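Quick note: the coordinates plus some simple rules give every number you see, no bench work behind them. All figures in this text were calculated on a predicted structure; none of them were measured in a lab. Methodologically, a virtual Cβ is constructed for each residue, glycine included, from the backbone with ideal geometry; neighbour enumeration extends over all protein chains shown.
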Amino acid sequence: MTVVYIKGGGEMVTRSELVDYINTLLNISAFDDYAPNGLQVEGSNQISKIIGGVTASQALIDAALEQKADAILVHHGFFWKGEDVRVVGMKHRRLKSLLMADMNMLAYHLPLDAHHQLGNNAQLARLLKIDVQGSFGGAGTGATALAMHGCLRKPIAGAVFHQQLTAALQRTPLHIAVNDKPLQHIAWCTGAAQSYFEAAVALGVDAFITGEISEQTTHIARESGVDFFAAGHHATERYGVLALGKDLADHFGLDFSFIDIDNPV
């Protein structure tokens, strides 16, 4: 477990002020998402310490309880479409932990992928030093594009880029290497976005990066001549929550800690 602490000054903000600010910043009304964005579990009205993480797992909740946080901020929250609605088992334990502690839980899924400064995709581009040229792959009522494409500052061999990804994400990606040509025009979408691969191929890119891979993806890569990197769902989506937490610390003076609960997927 890795912790990144950002001291904001110990100021306090009301729950409604915090939620309204993030909802507006991320433009959540533009997205038809798989789960509710914003406040998912209501806790105390006054917030001064926030714990951030990728997923609202029990391990993250326990860490937030230990830190005596007022709120948890995550990318993957609760109440996904199609899941069992009963509050039993794992869901009961998680919700009970939050409610007994009077702890708020905020989750932002697609809006935190798509934001052009703080989002997972924008932050991955910053980390990998890719110059963003545009977006593609519409999702939501406003056809908001989630995926991005751009250029590395100079062409690079696929094997060398694989090494750079490994070092940046601290995880070894699966690389479907299809030829020996240098890579420069790159498309990417964090998480489980392998379904955008063919749209990326249509842009004429040299490689596509996402978190996960499906069986058919290997064949698409081989037949299209475009390299594919499955760099980890969790590993590619650490950076949006961290960037948003830094923004909240700067804007409100809140204390924020990002806790990275290891996940090999």
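In table form, for the structure just shown:
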read-out	value
Full-stretch length increase - Q133, M12 - with 0.36 nm per residue and alpha-carbon distance subtracted	39.7 nm
C-alpha center-to-center spacing [the stretch 145-209, the stretch 1-63] in angstrom	30 Å
Compactness relative to 2.2 N^0.38 Å, alpha carbon Rg of the chain	1.03
Computed magnitude of the charge dipole of the chain (debye, nearest 20; Cβ of K, R +1, Cβ of D, E -1)	340 debye
H219/N45 FRET efficiency (R0 41 Å; Cβ-Cβ; nearest 0.05)	0.15
Residue range of the chain that is longest and free of GluC sites (Glu not before Pro) which are both DSSP loop and sparsely packed (at most 15 other C-beta within 10 Å)	84-265
The stretch 132-265 - share of DSSP beta bridges that are antiparallel (%, nearest 5)	65 percent
Cβ-based charge dipole, the chain, positive-most Cα from L152, F208, G82	L152
Using a Förster distance of 45 Å, the FRET efficiency for A101-Q164 (Cβ separation, nearest 0.05)	0.65
Rounded to 5, percent antiparallel among DSSP beta bridges of the stretch 1-144	40 percent
Fraction of antiparallel bridges per DSSP, the chain only, in percent to nearest 5	55 percent
Cβ-placed point charges (K, R +1; D, E -1), dipole of the stretch 217-265 about Cα centre in debye, nearest 20	120 debye
Calculated FRET value between V4 and D32, using beta carbons and R₀ = 30 Å, to 0.05	0.40
For the stretch 114-231, alpha-carbon Rg over 2.2 N^0.38 Å	0.96
